[in-house]
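For reference, the structure is listed below as structure tokens.
The values are calculated or read from the model by the stated rules, or taken from the named source; none is laboratory data. These figures come from a predicted structure and were not determined experimentally. Cβ atoms come from the backbone with ideal geometry, glycine included; neighbour counts cover every protein chain shown. With ligands, DNA and RNA removed, areas are computed over all heavy atoms of the protein, side chains included. Shrake-Rupley method; radii C 1.70, N 1.55, O 1.52, S 1.80 Å.
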Amino acid sequence: MKKTILQTVRFKAVDGNTFGSESISPLALYSDNQPLRVNLQYPPAAMPGYHWHGHMEINIPFDDDVDYIFNGHNVTIKANHITLFWASVPHRVVDCRQCKAMAVLDVPVHLFLSWPLPQDLINHITHGMIIQSLNPDLVSQFEVARWEKELKMPALSRQQLVYDEIELMIKRIALDGWQLLLEKVYEPNGQQKASKHTQHYVSLMLDHIASHYSKSLTVNDVATAVGLNTNYAMGLFQSVMQLTIKQYITMMRINHTKALLSDTDKTMLDISLTAGFNSISRFYDNFQKYTGFSPTHYRKMIRSNDKWLAQGFNPTEQPKKGASNGEDLIARV
């Protein structure tokens with residue numbers, strides 16, 4: 001019999017933090033206790049500020065396009081197409097047009113990495129890209145409503161069907177083809193599929209990073225915490241994530257600073273410390289290296305975004321933003 005992968009433990013923020021806090025790093029939101037969730041929104045609505053949570057997120061707007069700002073970039077999700085992205089990257093819905101129903105699926109990271117998917121698809125997601133299905137109508141509103149209903153049923157076999165059908169949906173995207181909604185900014189280091197052994201240790205490393213994100217993290221510390229040789233641990237991590245441990249930590253911290261620059265009036269020093277950079281000079285150097293802009297220039301640029309300004313409110317004054325548990329993401333306005 002196929003081993004079930006259902007999770008029943010509710011996800012909580014580490015260190016007793018409350019969701020909605022801008023101080024919670026995207027690094028902190030990994031957990032192998034996260035459940036898979038399905039939510040059919042009638043209708044979706046704009047988000048007042050950036051938020052981030054520890055899942056792979058799937059969006060399917062059924063009757064009109066939906067506009068996002070995704071880590072500083074304008075992105076349009078086409079009606080009836082499936083999009084997939086890593087929700088630890090700050091994102092917000094800015095315009096739902098005439099969309100009356102949108103599916104939002106939250107897939108735990110450890111579950112997504114365990115599925116036998118093409119490595120290049122996984123690479124795009126783990127590097128902060130957005131994947132959109134080439135073809136529309138791969139799943140219906142009726143199917144999503146059924147998934148949402150069946151996940152609440154007590155029968156584990158019924159819930160497992162939902163997991164299997166969502167996995168098959170992503171496999172169909174892989175078979176039919178996809179497009180990237182953001183510019184490709186990396187070159188994959190390999191196409192080798194990770195083993196269960198590798199996935200297990202990478203999950204342990206991600207968990208250790210999530211539990212110690214506010215401290216000075218070295219590759220040696222992470223390797224020692226999971227009982228592996230440093231070079232071996234680095235190789236395992238990179239084979240799954242297509243990022244080095246250091247690159248992963250830095251990328252998430254830069255993502256965090258982008259949201260704080262966009263949504264808050266925090267000082268540069270406060271932002272650098274909140275995101276985990278131990279000095280403002282290190283923050284400036286890494287931000288310039290990874291984005292091509294200074295933090296000050298990025299703050300001015302993102303606040304002049306036309307889709308942002310069209311909302312008619314000031315994101316720095318909105319209380320509902322920051323880290324999330326993946327539920328109740330949409331603020332009705």
Checklist entry - To the nearest Å, what is the center-to-center distance of the range 191-231 and the range 154-172, using C-alpha atoms only? => result 28 Å
Next on the checklist: Please enumerate, by chain and number, the aspartates and glutamates with C-alpha under 14 Å from the C-alpha of Lys171, excluding those fewer than 8 residues away in the same chain.
Outcome noted: Asp120
Next on the checklist: Report the gain in length on full extension from Glu165 to Ile280: 0.36 nm times residue separation, minus Cα-Cα distance, nm rounded to one decimal.
Outcome noted: 36.7 nm
Next on the checklist: Given the -39500 (n - 2.57) contribution per DSSP H run of 4+ residues, what per-residue ellipticity at 222 nm results for the chain, rounded to the nearest 500 deg cm²/dmol?
Outcome noted: -12000 deg cm²/dmol
Next on the checklist: From Cα pairs below 8 angstrom and at least 6 apart in sequence, can you work out the relative contact order of the chain, rounded to a whole percent?
Outcome noted: 25 percent
Item to check | Cα-Cα over 20 Å, subset of Lys215/Lys321; Lys258/Lys307; Lys266/Lys300; Lys215/Lys246 | outcome: Lys215/Lys321
Checklist entry - (1) 22.1; (2) 20.3; (3) 19.4: which one is Kirkwood radius over Cα pairs in Å as calculated from this entry? => result (2)
Checklist outcome for this item: Counting only protein heavy atoms with a 1.4 Å probe and every protein chain in place, the carbon and sulfur fraction of the accessible surface of the chain in whole percent equals 52 percent
Item to check | Accessible solvent surface per residue of the chain, calculated while the other protein chains remain in place, 1.4 angstrom probe, Å² | outcome: 44 Å²
Item to check | Cα centroid of the range 248-283 to Cα centroid of the range 39-61, whole Å | outcome: 24 Å
Next on the checklist: Let me spell out the model: positive unit charges on the Cβ of Lys and Arg, negative unit charges on the Cβ of Asp and Glu, origin at the Cα centre of the chain. What dipole size does that give, in debye rounded to 20?
Outcome noted: 380 debye
